[in-house]
Amino acid sequence: MVSIVEDSIKVSGFKPLYQFFVKAKSLKQIFFLTFADSQSQEVMEYRLERVDYKPSKMKKPGLDDVSLTFIPAKKVNFDAVLEVGNQLRIEFFFEGFVNYFVVEVSFVASGEDGLSFSVKMPEQVLAKQRRRAARIDVVEESGIDMYINDKLVDLLNVSAGGAAALIPLANKEDLEIGKAIKNLRLNIDDFIAPLSAEVCHVRPHRDGDYLIVGLRFIFYGYTHEEQLMEMIRKRTDAVA
């Protein structure tokens, strides 16, 4: 049975949003962005350095009056491409849920640790539901493949939000909970997306040479999750 659950609005409205980002700054909340090109993908951790509120005179406070400035949380060893006008999907983890918002870059600056940027306050912050979309069990010759560094991964199932994979026990040291796995590529029919993934859980497989690893996808393109969900809908509709 296909069950599509829409994301829920976590925070909206000028005052609650402003208070949310001020609190996020004080808590040193980590925000995740993914940069990618045809050769590689990188997940980068940012923190909120400034929340600037400059209200216009004789005007009700609005989102455009608040500027959020994000800086790298740690030094990075790659060159990210970030330009004014880019639309970004920024994710963070809070209270057991993946939360996110979409913003447009209004200012970019180069620093010692990498690129920092500023945006206007978003219209809302969303909490992604645990059951974002139907799950597809992956079988041989299904047309569903995932690669890590161009090496084929044995998939058990996949959804719009993540996947379960069989990973050789020899790779156990690289599978720390919360760690980002980079340079992934997911293929489903004519859908191809570069992405990264967070390791959510690890448990032994009945075959002692493998581990079952739960992965939460971190998408490069902010529309890729919606495209993947549509592909899964087509698959599940075809067998319904």
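Every residue, every condition in (1) among the basic types (Lys, Arg); (2) more than 17 Å from the chain's Cα centre (by Cα); (3) at pLDDT 90 or above; (4) closer than 19 Å to PHE217 by Cβ, yes or no:
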site: LEU68; (1), (2), (3), (4): no, yes, yes, no
site: LYS74; (1), (2), (3), (4): yes, yes, no, no
site: GLU95; (1), (2), (3), (4): no, no, no, no
site: ALA109; (1), (2), (3), (4): no, yes, yes, no
Got a sec? Which of GLY161, GLY143, GLY214, GLY208 is at positive phi and either over 18 Å from the mean Cα position of the chain (by Cα) or outside the structural domain of PHE92 (by TED's automatic domain parsing) (or both)?
-> GLY143
Among the numbered conditions (1) among the hydroxyl-bearing types (Ser, Thr, Tyr); (2) in a strand (DSSP E or B); (3) over 18 Å from the mean Cα position of the chain (by Cα), tell me where THR236 comes up short.
-> (2)
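The values are calculated or read from the model by the stated rules, or taken from the named source; none is laboratory data. The model shown is predicted, which means the values in this text are computed figures rather than measured ones. Heads up, the Cβs are rebuilt from the backbone with ideal geometry, glycines too, and the neighbour counts pull from every protein chain shown.
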